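Below is one structure, written out as structure tokens; the observations come after it.
The values are calculated or read from the model by the stated rules, or taken from the named source; none is laboratory data. Bear in mind the structure is a predicted one, so any value in this text is a computation, not a measurement. FYI the Cβ positions are ideal-geometry reconstructions off the backbone, even for glycines, and counts take in every protein chain you see.
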Amino acid sequence: MTLLESAPAASMDAPLLDVEDLKVHFPVKMPFVQRLLLREKPVVHAVDGVTFSLRPGEIFGLVGESGCGKTTVGRAVLRLVEPTSGTIRLEGKDVTHLKEKNLGDLRRKAQIIFQDPHASLNPAMTIGRAIGHPLEIHGITEPSFLARGEVRNVRVRVVAAETRDAVLAIMREVGLTPAEQLYDNYPADLSGGQKQRAVIARAMILRPSLIIADEPVSMLDMSIRARVLELMIDLKRRHGLTYLFITHDLATAKFICDRIAIMYLGRIVEIGPAKEIYADPKHPYTRALLQAVPVPDPARRSKKSLPKGEVPDAVYPPAGCRFHPRCPVALSTCGWEGQDFLDFLEERRLDPTKADVEVLGQIAEWWAVGAEAGRPVEVAEAQEVIARIRAAIAEAPAPLAEAVMDIREEEGETIVRFRTPDPLQPRHVDGREVECLLY
């Protein structure tokens, strides 16, 4: 096989990439003394149980807003970050816990296109050298060496003819022309679109079977995004590539992806064929994402049901369905807990017409642990406080109010307890998988 021949295609029957229950947690930085006092060390639940597979030759989109964990999934697949648990299989081989010295085969078969071409290219390395560097790293060609020149005793880099020919060929293939002229240029001499083409060429030089494209056009001008996407599609057809396409842009995903998975706060909430998800989204979060897209035709505009509030903290994600605190169609069984009650009280305090704020107490007086919330109370005042809490809950959204199981006084504290959420499992709905209790 020559340098520019494609790798043998994987069997169409088996998935090229199989990710099962992947979790990636990052420790939270805190003072040493505080770490000693805590029983459980807090972690950021960047990816928290993601499962999907890629068939050979497809473009699989991972879509979600910033901070949902989609980039971490891509980096974990390449083992650029260490998975906390779960399984990653590439062409049937488990690569989840391979040692660094054994990752060469994975890195040859799977490459990444980074989001920012300006940051992913070494400013001190010429474009030709950067593109050909993977060939030297993996021992496919002889490494270039430094020789001392005769003029002014200057050290010059001698590149193997085999490497140079391969680099020039892939540069022409991705549209970096004239290749001979651009070969010795530095990244600062190139435009943003040319830099991204160079990054694509560097990923393609090893002829991988899987490309992880992490927001590959988000840093580019609108005028050249379509051309870069068309280039990626052309390379896929020509070399039988499989893409894990990571993006927050719904329009881009619709244009390029065969199947998409919608991520929210470290979880995949809906996965299926792109056309079906765009035509009839099932998960409330997917609907909210699509409703947020501006529609220029007034006749086609419909009433929007957008999520309320902010994305919850990934260190302490909501119980049950991660989307339930913001969901417009949540159920009482979705996973309401003590923190949801405190959030409701905080919103309620902003209403100047409420006269029971002093009885309910300041938010700082309350605590929330799992399914319970509480605050200290004098025994003589307990029944009055409980009555006020019941009256306040009666004004809460129906799912939150219906999820309250008990309000009681116990050992000098008033405690509000919520019901245990129903088990949340992906369900097959109209040809896709949806993680929602509505189904």
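Some values worked out for this structure:
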{"item": "Check on E409, over 31 Å from the mean Cα position of the chain (by Cα) and either at pLDDT 90 or above or assigned to a loop (DSSP other than H, G, I, E, B) (or both)", "result": "yes"}
{"item": "Subset of the stretch 111-140 (residues that are over 27 Å from T72 (Cα atoms) and surrounded by fewer than 21 Cβ atoms within 10 Å (Cβ to Cβ))", "result": "A124, M125, T126, R129, E136, G139, I140"}
{"item": "When residues of the stretch 198-236 are limited to those that are charged (D, E, K, R) and in a loop (DSSP other than H, G, I, E, B), the one surrounded by the fewest Cβ atoms within 10 Å (Cβ to Cβ)", "result": "D221"}
{"item": "Residues being at pLDDT 95 or above and among the basic types (K, R) - total across the stretch 257-281", "result": "2"}
{"item": "Qualifying residues in the stretch 63-110 (those that are β-branched (V, I, T) and crowded, with 20+ Cβ neighbours inside 10 Å) - the one nearest to F245 (Cα to Cα)", "result": "V63"}
{"item": "Number of positions in the stretch 376-401 that are more than 44 Å from the chain's Cα centre (by Cα) and outside any helix (DSSP H, G or I)", "result": "1"}
{"item": "Subset of the stretch 319-347 that is under 19 Å from G266 (Cβ atoms) and among the charged types (D, E, K, R) - its residue that is surrounded by the fewest Cβ atoms within 10 Å (Cβ to Cβ)", "result": "R326"}
{"item": "Cβ-Cβ under 6 Å pairs, at least 6 apart or on other chains, the stretch 171-183 side within 13 Å of R202 (Cα to Cα), far side of a type in the set (G, A, S)", "result": "M171/A179; M171/A201; R172/A179; V174/A201; Y183/G128"}
{"item": "Residue that is surrounded by the most Cβ atoms within 10 Å (Cβ to Cβ) [pool: residues in the stretch 362-375 that are in a helix (DSSP H, G or I) and among the aliphatic types (A, V, I, L, M)]", "result": "I363"}
{"item": "G104 at pLDDT 85 or above and on the phi > 0 side of the Ramachandran plot", "result": "no"}
{"item": "Residues of the stretch 406-429 satisfying the condition of being under 12 Å from H283 (Cα atoms) and of a type in the set (D, E, K, R)", "result": "R427"}
{"item": "Residue satisfying all of: in the stretch 417-427; at pLDDT below 95 and of a type outside the set (D, E, K, R); nearest to R388 (Cα to Cα) among these", "result": "T420"}
{"item": "Options E402, E411: the member that is in contact (Cβ under 8 Å) with a residue 24 or more places away in the chain and either exposed (fewer than 12 other Cβ atoms within 10 Å of the Cβ) or among the charged types (D, E, K, R) (or both)", "result": "E402"}
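Yes/no per residue for (1) surrounded by fewer than 19 Cβ atoms within 10 Å (Cβ to Cβ); (2) acidic (D, E); (3) free of Cβ contacts under 8 Å to residues at least 24 places away in the same chain:
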{"position": "T247", "(1), (2), (3)": "no, no, no"}
{"position": "A253", "(1), (2), (3)": "no, no, no"}
{"position": "H283", "(1), (2), (3)": "no, no, no"}
{"position": "T286", "(1), (2), (3)": "no, no, no"}
{"position": "V295", "(1), (2), (3)": "yes, no, yes"}
{"position": "K304", "(1), (2), (3)": "yes, no, yes"}
{"position": "G309", "(1), (2), (3)": "yes, no, no"}
